[in-house]
Amino acid sequence: MATIIDGKEISKQIKDELREKVSNLKQKGIEVTLCVIQVGDDPASTIYVRNKQKACEYIGIKSQSYKLPESTTEAELLEIVEELNQSENVNGILVQMPLPKHINEDKIIEAISPDKDVDGFHPQSVGRLSIGQRGFISCTPAGVIELLKRYNIPIEGKECVVIGRSNIVGKPMAMLMLRENATVTVCHSRTKDLAKISSRADILIVAIGKAEFVTREFVKEGAVVIDVGIHRNENNKLCGDVDFDNVVDKVSAITPVPGGVGPMTIAMLMYNCVESAMSK
């Protein structure tokens with residue numbers, strides 16, 4: 001019987017630990033502040049921002065929100081980011097993606113101070129990760145590592161396959177698994193014999209962005225499967241990149257969608273904010 005890895009439960013544990021840390025910081029006169037900037041009215045972004053605000057409230061982090069109109073120029077957004085970079089009262093800056101098409105996302109990410117880059121997207125943050133230096137780590141991959149560790153799933157010496165090579169999940173995920181001494185293979189849309197390669201994995205991490213793409217033939221008997229995807233299927237039901245029902249009886253542990261990796265992303269964002277305040 002497969003272990004269902006409960007991201008909701010683990011994220012609550014992390015948030016409770018952070019709540020205590022924030023309370024201790026407040027006693028020393030340190031307030032943790034996260035600034036979230038949203039440009040436009042993308043419905044998914046609005047939900048994410050609301051969830052981030054709820055998490056801040058629960059933990060005791062002060063949340064500042066900038067809800068800017070779609071017509072906001074790149075220059076105006078850069079000006080706000082620079083003001084927040086300079087503010088001693090701000091620990092974390094998060095610009096909610098996607099941005100309107102007239103704004104260059106890379107330019108905005110690079111404008112955020114690496115010391116306040118709680119999303120872990122700045123090239124300097126990525127560079128620090130790649131050479132093993134301390135820095136902010138992309139929240140979703142960091143959340144996956146926490147899930148594995150808190151479920152006592154061994155990583156060292158294991159064969160890990162990451163399907164997906166995005167800058168936000170696939171690449172940092174591969175680097176983190178290397179840091180944990182796994183042997184890592186990265187696969188993507190151009191990989192030949194994808195099912196053959198992925199079926200070697202002791203730990204299979206799927207972030208390919210295709211609904212229910214991974215089926216039984218992709219999965220080794222007794223593997224651990226981490227599903228980073230989130231979609232709605234033809235019945236409008238939430239699902240991941242993995243066909244859960246098709247593989248669940250073949251694996252030793254698996255994350256469900258929803259309730260697996262998703263809640264961990266916000267928990268790790270909160271973790272990065274608190275780390276930012278503590279490292280001052």
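The values are calculated or read from the model by the stated rules, or taken from the named source; none is laboratory data. All values derive from a computational prediction rather than experimental measurement. Methodologically, a virtual Cβ is constructed for each residue, glycine included, from the backbone with ideal geometry; neighbour enumeration extends over all protein chains shown.
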Original post:
For the range 219-257, how many residues are under 23 Å from ILE137 (Cβ atoms) and surrounded by fewer than 22 Cβ atoms within 10 Å (Cβ to Cβ)?
Top reply: 2
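Of all the helices (runs of 4 or more DSSP H) wholly in the range 51-153, which have at least 2 residues that are touching a strand residue (DSSP E or B) at 6+ places or on another chain (Cβ under 8 Å) and under 23 Å from ILE10 (Cβ atoms)?
Numbers: elements: 74-86, 105-111, 123-130, 139-150.
Fully inside the range 51-153 and qualifying: 139-150.
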Original post:
Residues of the range 12-39 being of a type in the set (Ser, Thr, Tyr) and under 29 Å from ILE80 (Cβ atoms), which ones?
Top reply: THR33
Subject >> Of all residues in the range 118-150 being among the charged types (D, E, K, R) and not assigned by TED's automatic domain parsing to the domain that holds GLY229, the one that is surrounded by the fewest Cβ atoms within 10 Å (Cβ to Cβ) >> reply: ARG134
**OP:** Those residues that are touching a strand residue (DSSP E or B) at 6+ places or on another chain (Cβ under 7 Å) and not hydrophobic (A, V, I, L, M, F, W, C), I need them from the range 243-276; list them, please.
**Re:** ASP243, SER252, THR255, PRO256, PRO258, GLY260, ASN272, SER276
**OP:** Mind listing whichever residues of the range 126-166 are over 20 Å from VAL261 (Cα atoms) and under 14 Å from the mean Cα position of the chain (by Cα)?
**Re:** VAL126
Subject >> Complete set of residues in the range 192-216 that are within 20 Å of MET173 (Cα to Cα), surrounded by fewer than 19 Cβ atoms within 10 Å (Cβ to Cβ) and among the polar types (S, T, N, Q) >> reply: SER199
Original post:
Being of a type in the set (A, V, I, L, M) and farther than 24 Å from PRO154 by Cβ, is that true of even one residue in the range 214-225?
Top reply: no
Original post:
Quick one: ILE30 ticks every box in (1) assigned to a loop (DSSP other than H, G, I, E, B); (2) closer than 30 Å to SER252 by Cα bar one, so which box is it?
Top reply: (2)
